[in-house]
């Protein structure tokens, strides 16, 4: 039996309401996380973004010496800066698995920038080996982000859900 137009509209409206509930929960999480930050945290972020803005504006329209390495680093850093807000939203609103994927990409971006700056061999279309650039155990952090981002280990996702249900972390489920 084919559903009526009214039933279809009601069904589609329920999907919109479900999504709205997720977004409301995310907004509540964001407000709670902002309320818990100290001025130090907010000032650190503001100083970082102000520094980026100052550097971009200081060089805007001024020709300078360049190279393939400098060109690629500028492209990578511009993408990093543009994505800062999205990364923050994913973390603060409780989209933890999505945040892991975004943070993993940012880690890869900064690793590539570092490798280019150190004049290490960087191949087009290939990721830079984290261990060859970072020397302070960042590979372990990258590995954890990778596990969550690729959802290859369901026990990790179960741990996130467990933290949500115990009140240790807040996700976005309505």
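Here, each number is a calculation from the coordinates, and none is a lab measurement. Nothing here was measured: the structure is a model prediction, and the numbers come from that model. Reconstructed Cβ throughout: ideal geometry from the backbone, glycine too, with neighbour counts over all protein chains shown.
Before moving on, here are some points about what is shown:
- Isotropically averaged projected area of the stretch 30-71, using the convex hull of Cα atoms (one quarter of hull area), nm²: 4.7 nm²
- Modelled FRET efficiency - R0 35 Å, residue 31 with residue 126, Cβ distances, 0.05 increments: 0.25
- Along principal axes, Cα extents of the chain, largest first, whole Å: 68, 43, 38
- Taking every DSSP helix (H) stretch of at least 4 residues in the chain, weighting each as -39,500 (n - 2.57) and dividing the sum by the residue count yields a mean residue ellipticity at 222 nm of -25000 deg cm²/dmol.
- Principal-axis tilt of helix 154-166 within the chain, Cα atoms, nearest 10 degrees: 60 degrees
- Cα gyration tensor, the stretch 9-53 - rounded (a/c under 1.5), prolate or oblate: oblate
- Relative to one another, the C-alpha centroids of the stretch 1-55 and the stretch 85-155 are positioned 23 Å apart.
- Between helix 5-36 and the chain: long-axis angle, C-alpha atoms, 0 to 90°, nearest 10: 50 degrees
- Shape call, the stretch 49-142: gyration tensor on alpha carbons, a/c limit 1.5: oblate
- Straightening the chain between residue 51 and residue 147 buys 31.3 nm, computed as 0.36 nm per residue apart minus the Cα-Cα spacing.
- Nearest 10 degrees, 0 to 90: helix 68-92 Cα axis against the chain principal axis: 30 degrees
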